[in-house]
Amino acid sequence: MMHKFSIVAYLKPALAKKIRKLQKKVSKATNSNAILKLWKPHLTIGSGVKVSDKELKGLYADMKAVISNFKSFKITLKHCDSMDDWTGGELPGHTPYVIYLKIILNKKLLRLAKIVKKKVTDKRKIWYRQPWPYKPHVTLAYRDLSKKTFIKGKRIFEHEKFSGETVINHISLVKENNSGKWIEYKRFKF
């Protein structure tokens, strides 16, 4: 059996709740609701990988190797931004339009993303390629944004004043369930 995983870090509950409210606000303005149906607020750390049952043990070992030299660290989220060239827009049923919250890139987050790339994703089959250089963000709307609703949402939210801070203390493998929702499969705490 093949497994298709995304590699993410989930946000602390208080910040996730604040982001979910903003996602709902964006959804109301743009009619985009894919993020609300499919994902909890999260930060993507690396490309999506495909592994067989036989390869799971090696994947777990590599994930543990990634976190072995990490201690928890903080990240800061600041204001909204958008892109009209998201590489995931090439996936079936997706568009290239995304509205998101910017994350201030710090050395620890960049180091984590680089090590995940080197020790985990570069060694495996990829189903989703994380844009590189790493541009961390938390998605507010994606997948079902049309060009028209993207432009409308971009105009409305480009001046949205949002800020938040959270601690990153894990990375998780998440897997799509039968209804298309992405759920945590295994967490690796550091």
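The values are calculated or read from the model by the stated rules, or taken from the named source; none is laboratory data. Note that this is a predicted model, so its numbers are computed, not measured. With ideal geometry, Cβ positions are generated from the backbone for all residues, glycine too; neighbour counts draw on all protein chains shown. Heads up: the accessible areas ignore ligands, DNA and RNA and are worked out on the full protein's heavy atoms, side chains in. Shrake-Rupley method; radii C 1.70, N 1.55, O 1.52, S 1.80 Å.
Annotations for the structure displayed:
- Structural descriptor for the chain: relative contact order 35 percent, calculated from alpha carbon pairs under 8 angstrom and at least 6 residues apart.
- The simple spin-label model puts a point 7 Å past each Cα toward its Cβ; for LYS17 and LEU38 those points are separated by 2.7 nm.
- Evaluating 6.51 cos²θ - 1.76 cosθ + 1.60 at θ = phi - 60° for every residue in the range 75-86, the Karplus couplings come out as 10, 10, 9, 8, 6, 9, 8, 8, 9, 10, 9, 4 Hz, glycine and proline recorded as x.
- The chain: proportion of alpha-carbon pairs further apart than 19 angstrom, %: 58
- Rounded, prolate or oblate (a/c below 1.5 giving rounded, otherwise prolate when a/b exceeds b/c) for the range 1-79 by Cα gyration tensor: oblate
- Amide H contacts under 5 Å for LYS186: LEU173, restricted to partners 5 or more places along the chain or on a different chain, H placed in the peptide plane at 1.01 Å from N.
- At a probe radius of 1.4 angstrom, the accessible area of the range 60-119 per residue rounds to 54 square angstrom.
- Peptides ranked, highest mean first, by Cβ atoms within 10 Å: ranges 93-101, 78-86, 178-186: 93-101, 78-86, 178-186
- Taking every Cα-Cα distance in the range 104-190 and sorting them into 5 Å bins starting at zero, the pair-distance distribution P(r) comes out as 3, 9, 14, 21, 20, 17, 12, 5, 0 percent.
- Heavy-atom surface analysis with a 1.4 Å probe gives the chain a carbon and sulfur content of 52 percent of its accessible area.
- Sum of side-chain charges, GLY180 neighbourhood, beta-carbon under 15 Å (Lys, Arg +1; Asp, Glu -1): +4
- Build a GNM of the chain with springs between Cα atoms under 10 Å apart, and of ALA14, ALA34, ALA113 the one that fluctuates most is ALA14.
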